[in-house]
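Okay, so here's the structure we're looking at.
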Amino acid sequence: MKLVLDTNIYCDYAEGISETVDIIAKNNENIYIPSIVIGELRYGFMKGSRWNFNNNKLRHVINRLNINIIDVDQDVAKKYAIIYKSLVIKGKKIPINDVWIAACCMEVGGSLITRDKHFESVEQIESILMQYIN
């Protein structure tokens, strides 16, 4: 199974949330992260006081887990248009970056692992909704 990481799932992994660490460990040969997620993460790092630490940790995780980065190209842009049109027709709005993340997921034929329920509205991808019990 190809796992595509949403921003919140990378954060959960980085924080050591056991359920997330376990699912990623079980699928460590086929892990993907959209470049949009990297942009969202780096924006978050810039807002905080630990830019270097967080940025280095991101690079380390990507290298250690051999994560494939999904870049936005013409094929991803076509999938973005398909997904966005479908959502508009259904009257469902999700954050625009999430439409791009879904398009990246569709491009590689992966399953998006996320905590965001709104991805269930995107019929073109499979999403795995993580829900943690405290």
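Test of understanding: among S49, S86, which residue is hydroxyl-bearing (S, T, Y) and not in a helix (DSSP H, G or I)? Steps first, answer last, please.
Values: S86 fails: not in a helix (DSSP H, G or I).
Within the list S49, S86, the selection yields S49.
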- Task: Would you check if there is a residue in region 75-84 being in contact with a helix residue (DSSP H, G or I) (Cβ under 9 Å, 6 or more places away or on another chain), modelled with pLDDT of 95 or more and under 15 Å from C11 (Cβ atoms)?
- Result: no
- Scan region 52-81 residue by residue and report those that are in a helix (DSSP H, G or I) and within 14 Å of N97 (Cα to Cα). V76, A77, K79, Y80, A81
- Query: Can you pull out the residues in region 76-127 that are in contact with a Leu (Cβ under 8 Å, 6 or more places away or on another chain), under 16 Å from P34 (Cα atoms) and among the hydroxyl-bearing types (S, T, Y)?
  - Reply: S111, T114, S127
- Item | Checklist (1) closer than 20 Å to L129 by Cβ; (2) out of contact with any Phe, Trp or Tyr (no Cβ under 6 Å at 6 or more places or on another chain) applied to V108, failing item | (2)
- Mind checking which residues of region 105-119 are under 21 Å from K26 (Cβ atoms) and either free of Cβ contacts under 8 Å to residues at least 24 places away in the same chain or assigned to a loop (DSSP other than H, G, I, E, B) (or both)? G109, G110, R115
- Message: Being buried (at least 16 other Cβ atoms within 10 Å of the Cβ), at pLDDT 95 or above and either part of a helix (DSSP H, G or I) or in contact with a helix residue (DSSP H, G or I) (Cβ under 6 Å, 6 or more places away or on another chain) (or both) is the requirement here; does V99 meet it?
- Response: yes
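In the set N30, N55, which member is surrounded by fewer than 20 Cβ atoms within 10 Å (Cβ to Cβ), touching a residue at least 40 places away in the same chain (Cβ under 8 Å) and not aromatic (F, W, Y)?
Details: N55 fails: touching a residue at least 40 places away in the same chain (Cβ under 8 Å).
Testing whether each residue is surrounded by fewer than 20 Cβ atoms within 10 Å (Cβ to Cβ), touching a residue at least 40 places away in the same chain (Cβ under 8 Å) and not aromatic (F, W, Y) leaves just N30.
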- Query: Among the residues of region 1-22 satisfying the criterion of being surrounded by 18 or more Cβ atoms within 10 Å (Cβ to Cβ) and β-branched (V, I, T), which is nearest to I69 (Cα to Cα)?
  - Reply: V4
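The values are calculated or read from the model by the stated rules, or taken from the named source; none is laboratory data. Note that this is a predicted model, so its numbers are computed, not measured. For neighbour counting, all protein chains shown are included, and Cβ atoms are generated from backbone atoms with ideal geometry for every residue, glycine included.
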